[in-house]
Amino acid sequence: MSHLRAKCLFLVLAFSALFSGAHIAAADSAVAGADVQVAQSLGDRELTVVARRVTSIPGPLRVDLIAHRGTAAGPLRVQLVPTGVSTDEYQPAPGVPTATALVVLGEKPGPYGATLDVDRPGPTDLTISDGVHTARIPLVLVGQAMSPPERVAYLGLAATGLLLVVSLVVATRVRRGIWIAVPVTATVTALAIAITAAVLSTSAPPPPEPGPQRDPTVDNAANPYRLDRPAVTDYSRPSAMLIAERPDVDSGRTTDIDFSLIDTATGLPADDLVIHDSALIHLLVVAPDGRLSHLHPIRVAPGRYSVQLSPEVAGRYAVSAEFVRRGGGVQTVRLPGGLTSRGGKPTAPAPFEGPGMRMLDGQHVHVSAVGLRAGRPTTLSVTIGADPVLQPWLGMLGHLVIAGPIPRDVPAGELGTAVQDSAVWAHAHSMGGHGGTDMPGMDHRTGHVPTQDDAMPPMVGAPPLNGDSPPDETVAAFGPDVPFTFTFPKPGRYLAWIQAQRDYRVLTIPVRLDIS
């Protein structure tokens, strides 16, 4: 009898230790998702939309609208509009807003927010409207699902607990060893199954995530372990074409430019973009005088985007779009022919200077370049002011846009044409600040800060990268050095634009580089 009691005590201790273990509890806990950050050029407003992490569904979703300096004050309507169809019946039906809030932007730049109620998982559009323009940001609201091994582990634990009670009762009432051995053996078997399932749950590969790897639905967002029918093994997409519905604009007038993304294989609208570097599309526009506009068109319909442009100079505008399709890598496409502005007068080219000291927005700015030779890494660095007060923009400390080689004798007003026809058009990111605090998670080899965009699509409710979210634009503690590394493939003259954010203002520093 003492031997049997020892076995029962061992089972009690093993059951207690397994049930209180952090691994299983953590796997089933309501793990908060990472924040989603996406830049939006909404009319004449430059905003960064931050959808804060969701810890449970149903539950609250905090949305912050970060206004950059120069953004007009006024009210914006924010709504959640479910777009996915489910096997369950939800009310209201997809396409009808389920939550609405009013965010009033003030005169001072910075964050303005509201809280929306999330009532279901699945694909959802976060819409932001100023009364004229409506941006539709696709999100995937992910539920907290338990993997099959975890389910088996918990069922095994429950069976172990029940059989343990039965074993204790039998041990105290029955004296024949065979009847005592039956429940004890069953208890040990259930405990072994639970332990095996718990171990497998920590090593089993995660399922394809709805959004980045497979088309999201309400069902697979509520439970990513749910198998789709038919099973999909290739989630990549072909390239897409960028088409401007109105390639000619009038100088001196504010115009909404509408773009379409077309799948090159099917000719259908490409509506499977995922957020990449805090934007759905990075639109780079170089004016005839060489001024750069880094814009982020709003999604107005499936595969359709719109951005407001105010061309001041007549001539040809170079246009490039950078985006990521579901399951694929970064795609950079140029708008064939660019945009043409008519009716204005050409002006002098923008003041492109070589490395050295200059003044910009009341700040001393110093640009240095080391290793200006083709085929070798070039270190390009800019120091803005003297204090580490720069803010991350688009998840990065700084951005570098490079175009070239271009002719050395480009006529005034034709820099846009030279850039549109150049062989190289690149977009690089900063390596991190030497003089200030480094950004958490920054890779100093590539200069990239891990964000929600790199691991998954705009998902709210999924586990965050490294257990936390990177800082948003409300944190001003970086710099003042903003270094880059880039390898120029060909010699010649290049135009470069360095961008960094300070005091909610994005500074653009034009630089001329001659590569030997």
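The values are calculated or read from the model by the stated rules, or taken from the named source; none is laboratory data. The structure presented is a predicted model; accordingly, all values stated were derived computationally and were not measured. Every residue, glycine as well, gets a Cβ built from its backbone with ideal geometry; the counts of neighbours run over all protein chains shown. These accessible areas exclude ligands, DNA and RNA; they are computed on the full protein's heavy atoms, side chains included. Shrake-Rupley method; radii C 1.70, N 1.55, O 1.52, S 1.80 Å.
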Query raised in the report: Looking at the range 125-158, which of the residues that are of a type in the set (Ser, Thr, Tyr) and either free of Cβ contacts under 8 Å to residues at least 60 places away in the same chain or assigned to a strand (DSSP E or B) (or both) is nearest to Ala190 (Cα to Cα)?
Result: Thr127
Query - Where Leu102 falls short, out of the listed (1) touching a residue at least 12 places away in the same chain (Cβ under 8 Å); (2) of a type outside the set (D, E, K, R); (3) open to solvent by less than 70 Å² (accessible area, probe 1.4 Å) - result: (3)
Report task. For residues that are outside any strand (DSSP E or B) and under 17 Å from the mean Cα position of the chain (by Cα), tally how many sit in the range 115-124. Result -> 0
Report summary line: Subset of the range 471-503, residues modelled with pLDDT under 90 and either surrounded by 24 or more Cβ atoms within 10 Å (Cβ to Cβ) or touching a His at 6+ places or on another chain (Cβ under 9 Å) (or both), comes to Glu473, Gly479
